[in-house]
Amino acid sequence: MKLVTFAAGGATRIGAVLGEEVVAFQPALDALGGGSLPGTMRGLLAAGEAAMVQAARALAFAARPENAALRQPLGAVRLRAPLLPGKILGVGRNYADHATEVGGPKLAAPRIFLKPTSSVSGPGDTVRIPALVEKCDWEVELAVVIGKPARAVSEGEALDHVAGYTVLNDLTDRALQFDHPIGMTSFGKGLDGFCPMGPWIATAEEVGEPWALDLRCFVNDEEVQHGNTRDLIFPVATLIAWLSRYVTLEPGDVIATGTPAGVGHFRKPPRYLRPGDRLRLEVEKVGVLEHRMGGA
């Protein structure tokens with residue numbers, strides 16, 4: 001399934017994409033004969049496998065030809081960020097080519113930073129660049145959405161804890177990250193709206209193994225990044241296992257797995273995002289996320 005959070009008719013609902021249409025789970029479940037599901041995506045994931053089975057039944061029921069009233073055109077709704085995570089854990093310098101362009105010693109363990117939930121924005125949103133920010137940069141990433149609690153899990157069982165994947169732009173103020181006397185990576189990556197994600201959560205069975213997925217980023221239709229998850233220094237299962245040794249990963253938590261080479265800061269000359277820029281971020285088998293940059 002492709003799980004979505006969307007706004008329509010003055011209400012925000014959770015559901016799934018069905019071709020070029022969208023289905024809200026609860027109305028479909030009501031028409032099917034009852035039962036209830038949580039009203040948020042994070043709540044749905046936390047409710048476990050039984051809730052996901054109910055959601056799949058509701059989607060299959062709405063897909064019947066006679067149940068067209070339960071479906072809406074995608075163009076008639078406003079997709080939001082697919083969920084508001086409990087926590088967002090980012091991984092720095094996790095692609096070999098990006099690690100090379102950044103420089104520094106080879107990492108012996110993942111380099112982790114945090115993004116607050118207030119940084120989350122969604123597909124089609126305009127992310128405003130604060131007046132003091134002059135070095136706003138892009139980073140296309142595969143984001144992992146946790147589906148069931150993970151504490152001290154092995155790499156072999158790590159993917160069993162994944163609900164699905166989404167596309168994430170790890171927007172960063174490079175001045176706060178690199179130019180500030182003490183360096184403030186999490187703060188520079190955690191400004192309002194600086195974590196666009198979406199357009200949906202492609203469930204794990206929809207995507208399959210995340211070992212060789214192409215990633216691309218376009219700024220104003222120009223391709224600026226192209227990488228593949230086969231080049232991750234610490235792959236998805238390794239990240240889940242390593243992180244779960246230190247913190248419990250809960251349903252709805254998000255891991256931003258890193259970005260390939262091609263970010264603006266390390267270009268010659270450097271290039272940064274400006275108000276009016278359009279971004280298109282693609283992850284193979286997951287989806288396409290589009291958003292704009294705006295002024296303060």
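Going through segment 1-33 one residue at a time, which ones are touching a strand residue (DSSP E or B) at 6+ places or on another chain (Cβ under 7 Å) and part of a loop (DSSP other than H, G, I, E, B)?
Across segment 1-33, the qualifying residues are M1, E20.
Applying the selection to segment 258-296, what residues are more than 19 Å from S121 (Cβ to Cβ) and within 12 Å of the chain's Cα centre (by Cα)?
G258
For N67, all conditions in the list (1) surrounded by 14 or more Cβ atoms within 10 Å (Cβ to Cβ); (2) without any contact (Cβ under 8 Å) to a residue 40 or more places away in the chain; (3) in contact with a Leu (Cβ under 8 Å, 6 or more places away or on another chain); (4) not in a strand (DSSP E or B) hold save one; what is the number of the exception?
It is condition (3) that N67 fails.
Could you identify the single residue in P27, P38 that is closer than 14 Å to G252 by Cα and either outside the structural domain of I201 (by TED's automatic domain parsing) or surrounded by fewer than 18 Cβ atoms within 10 Å (Cβ to Cβ) (or both)?
Values: P27 fails: closer than 14 Å to G252 by Cα.
None of the others qualify; the one that does is P38.
Consider segment 70-83. How many of its residues are under 30 Å from F187 (Cα atoms) and surrounded by fewer than 16 Cβ atoms within 10 Å (Cβ to Cβ)? Let's see the steps before the verdict.
At the first step, the residues of segment 70-83 found to be under 30 Å from F187 (Cα atoms) are 78-83.
Filter once more, so that each one left must be surrounded by fewer than 16 Cβ atoms within 10 Å (Cβ to Cβ): 78.
Going through segment 70-83 one residue at a time, the tally reaches 1.
Out of E141, E134, I need the residue that is surrounded by 15 or more Cβ atoms within 10 Å (Cβ to Cβ) and either part of a loop (DSSP other than H, G, I, E, B) or in the same structural domain as L176 (by TED's automatic domain parsing) (or both). Which one? Before you say what the answer is, go through the steps one by one.
On the way: E134 fails: surrounded by 15 or more Cβ atoms within 10 Å (Cβ to Cβ).
On inspection, the qualifying residue turns out to be E141.
When the residues of segment 168-185 are narrowed to those that are more than 17 Å from the chain's Cα centre (by Cα) and either touching a residue at least 60 places away in the same chain (Cβ under 8 Å) or in a helix (DSSP H, G or I) (or both), which ends up surrounded by the fewest Cβ atoms within 10 Å (Cβ to Cβ)?
Quick first cut of segment 168-185, residues more than 17 Å from the chain's Cα centre (by Cα) only: 173-185.
Checking which are either touching a residue at least 60 places away in the same chain (Cβ under 8 Å) or in a helix (DSSP H, G or I) (or both) leaves us with 174-179, 185.
On the way: R174: 20, A175: 18, L176: 20, Q177: 20, F178: 15, D179: 13, T185: 19.
Taking the candidates together, the pick is D179.
Considering A51, A108, A58, which residue is part of a helix (DSSP H, G or I), surrounded by fewer than 22 Cβ atoms within 10 Å (Cβ to Cβ) and either assigned by TED's automatic domain parsing to the domain that holds Q225 or free of Cβ contacts under 8 Å to residues at least 60 places away in the same chain (or both)?
Values: A108 fails: part of a helix (DSSP H, G or I); A58 fails: surrounded by fewer than 22 Cβ atoms within 10 Å (Cβ to Cβ).
Answer to the selection: A51.
Could you please find all residues in segment 78-124 being hydrophobic (A, V, I, L, M, F, W, C) and more than 13 Å from M197 (Cα to Cα)? Show your work before the answer.
Keep residues of segment 78-124 that are hydrophobic (A, V, I, L, M, F, W, C), which gives 79, 81, 83-84, 88-89, 91, 96, 99, 102, 107-109, 112-114, 120.
Result: L89, V91, A96, A99, V102, L107, A108, A109, I112, F113, L114.
The values are calculated or read from the model by the stated rules, or taken from the named source; none is laboratory data. On a predicted model such as this, the values are computed, not experimentally measured, just so you know. Cβ coordinates were reconstructed from backbone atoms using ideal geometry, including for glycine residues, and neighbour counts include every protein chain displayed.
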